[in-house]
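S.K.: Take this structure first; my questions come after.
The values are calculated or read from the model by the stated rules, or taken from the named source; none is laboratory data. Since we're looking at a predicted model, the values are computed, not measured. Cβ placement follows ideal geometry from the backbone for every residue including glycine, while neighbour counts extend to all protein chains displayed. Side chains are part of the model used for accessible areas, which takes the heavy atoms of the whole protein and leaves out ligands, DNA and RNA. Shrake-Rupley method; radii C 1.70, N 1.55, O 1.52, S 1.80 Å.
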Amino acid sequence: MNKEGTMKSFMKGAVLLTIAGFIVKLLSAVYRVPFQNLVGDQGFYIYQQVYPFVAIFGIWTSYGFAVAVSKLLADTGKQAHGTILRIAFMYVAAISIAVFVLLFFGADLLAGWMGDQQLERLLKVGAFSVLLMAPLAVLKGYFQSLNDMAPVAYAQVMEQGLRVTVILVGTWIVVSSGFSLYAAGQTAMLGAVAGGLGAVVLLLIYFRRHAAFLKQPSTIRAWPIVKEMTAVSLSVSMSSLILLLFQLVDSFTVFRLLEESGVASLVAMEQKGIYDRGQPLVQFGILIATSLTLAVVPLVARTSKKTGGRPAEMYARLAFRVSFLFAFAAAAGLTFVMPYVNEMLFQTREQSLALIIFSWQIVWMSLLLIMTAMLHGLGKVRVPALLLVLGLAVKVVSNLLLLPVWGVMGAAVAGNVGLAIIVAGLLFYFKKVWPMQFAPLSYYSWLFGAAAAMSAVVLGWSVLADGYLFDGLSSRLSAALTTATAIPLGAFVFMVLISKSRIITEKEWYIIPFGRKLAGFQLAINSKKKGGKR
């Protein structure tokens, strides 16, 4: 009964975190669209240049360190919890202060390296958000160690909700008042500060009933705690950081290399802003993989240690197959509707080819997230971390080689090359650690066939709709209607064929988040076939 209750509590917490994670990622992808519409490509460039600096540290601390604190607390007796939390807080606070000093007092130098001195003010504003990371990391880690996911989930949603509200409302006020785009960028950076502050206040309200144990004495030494926290936090957050690290590489290279290639400064800013349109598309495309990572992967870690019940191998195969299925469908579908999506969301069809190439990072990132998370669940962290560093180095070199020749398209190619090398290495290593066949050949045959059929239907409909059916409307409205009809049509064709193939069974659909509807759809599609046989 105790084991059953523990598993039920674990699943309830996992579902709650999955929903919160989905909402957070969805907001993160969606808010960039109205923001770009408010500030244009130059304003989008300004924000995206500085965003990775704050986001990288935020992910590492509020996610990576939170997991590390949770693990340390779970592995030790309650009498030591107060000491561990104090050590963790002081350690993360020390790192936060160091990063604040780097961003605030080094803003002038960093802006110079990016080739735009006016970015200094944005870096200084963003620096204040890192000061909130110590309480965020420690409090999240504490509640996760208790398997009390409600405060963590609510804090995540509040943090992102406040951040997005401040960004959009604040930017609208600044732009409407006639201030500069750099002022709008500063206002957007304030969103991170407001979101972090709101989350800390909420977590402290939950924590006030638990705080008494902090005074309990303990003889635990600080260095082993610090050492383990560093290793665990880096290993669990590395895969989530890789896309941000790629963005950081772009911040230091794209604008500068475009300028050095003879592109005028304003044009180079706009080109970088257009290139950055790919970020929300990729983030939206990897939502499925992110949800699976939060929900299915912990099951892999738990079941791999058990002898009875569902085998871990089943969850691992399912996570891979579902993630690859939706990622490949999203990338293939975007390939044929990108010009219309580009104009519908971002006002123009510029650089649609570069954005098509960029969007294929959805496939690599989805597989990367799933495999690194599963390997971490098995306790394998060193090799995946080394592969991520290798991929980052490849991205840097590829940017330096390809940007002067192909412009922003070269940066998009570089991102795919870096991620593809990481995924290839992870697949090879995973097979050595855990020899298994992720999917039979028939899975890939049906998947590629369904994607090809979907692509043909989407392309045909898009050309017909944009060129003839909606020809008399404004260009952006025509693009919006074409997108709004082509995507559901393509998704329906794809899911009908996938359901007919049953390469993922109804029972498997039921396991994944939000899979119940897909299982029902698949049963309905195949019911006629069964009826005919009778």
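S.K.: Would you confirm, using the coordinates I've provided, whether Ser240 is touching a helix residue (DSSP H, G or I) at 6+ places or on another chain (Cβ under 9 Å), within 20 Å of Val397 (Cα to Cα) and open to solvent by 20 Å² or more (accessible area, probe 1.4 Å)? Walk me through how you get there before you give the answer.
M.R.: Working: touching a helix residue (DSSP H, G or I) at 6+ places or on another chain (Cβ under 9 Å): yes; within 20 Å of Val397 (Cα to Cα): no; open to solvent by 20 Å² or more (accessible area, probe 1.4 Å): yes.
Criteria not met by Ser240.
S.K.: Evaluate the following for Val174: is it without any contact (Cβ under 8 Å) to a residue 24 or more places away in the chain and in contact with a Ser or Thr (Cβ under 9 Å, 6 or more places away or on another chain)? Outline the logic, then answer.
M.R.: Details: without any contact (Cβ under 8 Å) to a residue 24 or more places away in the chain: yes; in contact with a Ser or Thr (Cβ under 9 Å, 6 or more places away or on another chain): yes.
Yes.
S.K.: Restricting attention to the stretch 90-99, report how many residues are crowded, with 19+ Cβ neighbours inside 10 Å, touching a residue at least 40 places away in the same chain (Cβ under 8 Å) and farther than 30 Å from Ala268 by Cβ.
M.R.: Number of matching residues: 2.
S.K.: Looking at (1) surrounded by fewer than 21 Cβ atoms within 10 Å (Cβ to Cβ); (2) closer than 24 Å to Met158 by Cα; (3) polar (S, T, N, Q), can you tell me which one Ser129 breaks?
M.R.: For Ser129, the exception is condition (1).
S.K.: Further, regarding this structure: Being surrounded by fewer than 24 Cβ atoms within 10 Å (Cβ to Cβ), closer than 22 Å to Leu245 by Cβ and at pLDDT below 90 is the requirement here; does Gln283 meet it? Walk me through how you get there before you give the answer.
M.R.: Working: surrounded by fewer than 24 Cβ atoms within 10 Å (Cβ to Cβ): yes; closer than 22 Å to Leu245 by Cβ: yes; at pLDDT below 90: yes.
Against the criterion (surrounded by fewer than 24 Cβ atoms within 10 Å (Cβ to Cβ), closer than 22 Å to Leu245 by Cβ and at pLDDT below 90), Gln283 qualifies.
S.K.: Would the stretch 247-258 turn up any residue that is surrounded by 15 or more Cβ atoms within 10 Å (Cβ to Cβ), modelled with pLDDT of 90 or more and in contact with an Asp or Glu (Cβ under 7 Å, 6 or more places away or on another chain)?
M.R.: Taking the stretch 247-258 as the starting set, the residues that turn out to be surrounded by 15 or more Cβ atoms within 10 Å (Cβ to Cβ) are 247-258.
Adding the requirement that they be modelled with pLDDT of 90 or more leaves 247-258.
So of that shortlist, the ones also in contact with an Asp or Glu (Cβ under 7 Å, 6 or more places away or on another chain) come out as 255.
Yes, the stretch 247-258 has at least one match.
S.K.: Suppose we filter the stretch 25-79 for residues that are over 21 Å from Gln144 (Cβ atoms), open to solvent by less than 10 Å² (accessible area, probe 1.4 Å) and either of a type in the set (Phe, Trp, Tyr) or not in a helix (DSSP H, G or I) (or both); how many remain?
M.R.: Qualifying residue count, the stretch 25-79: 5.
S.K.: Check Val164, Val152, Val175 and return the single one that is open to solvent by 20 Å² or more (accessible area, probe 1.4 Å), of a type in the set (A, V, I, L, M) and assigned to a helix (DSSP H, G or I). Quick ask: steps written out before the conclusion?
M.R.: Details: Val164 fails: open to solvent by 20 Å² or more (accessible area, probe 1.4 Å); Val152 fails: open to solvent by 20 Å² or more (accessible area, probe 1.4 Å).
The unique qualifying residue is Val175.
S.K.: Within the stretch 220-268, can you find the residues that are of a type in the set (Gly, Ala, Ser), under 30 Å from Gly141 (Cβ atoms) and in contact with a Leu (Cβ under 7 Å, 6 or more places away or on another chain)? Walk me through how you get there before you give the answer.
M.R.: Step one: list which residues in the stretch 220-268 are of a type in the set (Gly, Ala, Ser), which gives 222, 231, 233, 235, 237, 239-240, 251, 261-262, 264-265, 268.
Still in the running and under 30 Å from Gly141 (Cβ atoms): 222, 231, 233, 235, 237, 239-240, 251.
Ser239 - this is the single residue of the stretch 220-268 that is of a type in the set (Gly, Ala, Ser), under 30 Å from Gly141 (Cβ atoms) and in contact with a Leu (Cβ under 7 Å, 6 or more places away or on another chain).
S.K.: Can I ask one more? So, Leu427, is that one within 25 Å of the chain's Cα centre (by Cα) and under 20 Å from Trp364 (Cα atoms) or not? Give the derivation first.
M.R.: Details: within 25 Å of the chain's Cα centre (by Cα): yes; under 20 Å from Trp364 (Cα atoms): yes.
Spelling it out, Leu427 is indeed within 25 Å of the chain's Cα centre (by Cα) and under 20 Å from Trp364 (Cα atoms).
S.K.: State yes or no: is Gly415 touching a Gly at 6+ places or on another chain (Cβ under 9 Å), under 24 Å from Glu260 (Cα atoms) and open to solvent by less than 40 Å² (accessible area, probe 1.4 Å)? Before the answer, list the steps.
M.R.: Details: touching a Gly at 6+ places or on another chain (Cβ under 9 Å): yes; under 24 Å from Glu260 (Cα atoms): yes; open to solvent by less than 40 Å² (accessible area, probe 1.4 Å): yes.
So Gly415 fits the description; yes.
S.K.: If you don't mind, another one. Would you mind finding the one in Leu355, Leu387, Leu318 that is crowded, with 20+ Cβ neighbours inside 10 Å, assigned to a helix (DSSP H, G or I) and modelled with pLDDT of 95 or more?
M.R.: Values: Leu387 fails: modelled with pLDDT of 95 or more; Leu318 fails: modelled with pLDDT of 95 or more.
None of the others qualify; the one that does is Leu355.
S.K.: Also: Please state which of the following conditions Ile288 fails to meet, knowing it meets all the rest: (1) over 29 Å from Arg476 (Cβ atoms); (2) among the aliphatic types (A, V, I, L, M); (3) modelled with pLDDT under 90.
M.R.: If we test Ile288 against (1) over 29 Å from Arg476 (Cβ atoms); (2) among the aliphatic types (A, V, I, L, M); (3) modelled with pLDDT under 90, just (1) comes out false.
S.K.: Check the stretch 301-311 and report whether any residue there is outside any helix (DSSP H, G or I), modelled with pLDDT of 80 or more and basic (Lys, Arg).
M.R.: no
S.K.: Can you tell me which residue is nearest to Val396 (Cα to Cα) among those in the stretch 414-425 that are hydrophobic (A, V, I, L, M, F, W, C) and touching a Leu at 6+ places or on another chain (Cβ under 6 Å)? Step through it out loud before you land on a result.
M.R.: Keep residues of the stretch 414-425 that are hydrophobic (A, V, I, L, M, F, W, C), which gives 414, 417, 419-424.
From what's left, touching a Leu at 6+ places or on another chain (Cβ under 6 Å): 414, 422-423.
Details: Ala414: 8, Ile422: 14, Val423: 17 Å.
The extreme case among them is Ala414.
S.K.: Also, quick follow-up: Just the residues that are more than 26 Å from the chain's Cα centre (by Cα) and either among the hydroxyl-bearing types (Ser, Thr, Tyr) or not in a helix (DSSP H, G or I) (or both), please, taken from the stretch 183-211. Let's see the steps before the verdict.
M.R.: Of the residues in the stretch 183-211, the ones more than 26 Å from the chain's Cα centre (by Cα) are 183, 204-211.
Hits for the stretch 183-211 are Tyr206, Arg208, Arg209, His210.
S.K.: If you don't mind, another one. Can you confirm whether the stretch 208-220 contains a residue that is closer than 30 Å to Ser398 by Cα and in contact with a helix residue (DSSP H, G or I) (Cβ under 9 Å, 6 or more places away or on another chain)? Steps first, answer last, please.
M.R.: In the first step, residues of the stretch 208-220 are kept if they are closer than 30 Å to Ser398 by Cα; the result is none.
Looking for residues that are closer than 30 Å to Ser398 by Cα and in contact with a helix residue (DSSP H, G or I) (Cβ under 9 Å, 6 or more places away or on another chain), one finds none in the stretch 208-220, hence no.
S.K.: For residues that are surrounded by 11 or more Cβ atoms within 10 Å (Cβ to Cβ) and over 28 Å from the mean Cα position of the chain (by Cα), scanning just the stretch 218-235, find the one that is modelled with the lowest pLDDT. Explain how you work it out, then say what you get.
M.R.: To start, the set of residues in the stretch 218-235 that are surrounded by 11 or more Cβ atoms within 10 Å (Cβ to Cβ) comprises 218, 220, 222, 224-226, 228-235.
Restricting the remaining residues to those that are over 28 Å from the mean Cα position of the chain (by Cα) gives 218, 220, 222, 224-225.
Working: Ser218: 61, Ile220: 76, Ala222: 80, Pro224: 85, Ile225: 86.
Of everything passing the filter in the stretch 218-235, Ser218 is modelled with the lowest pLDDT.
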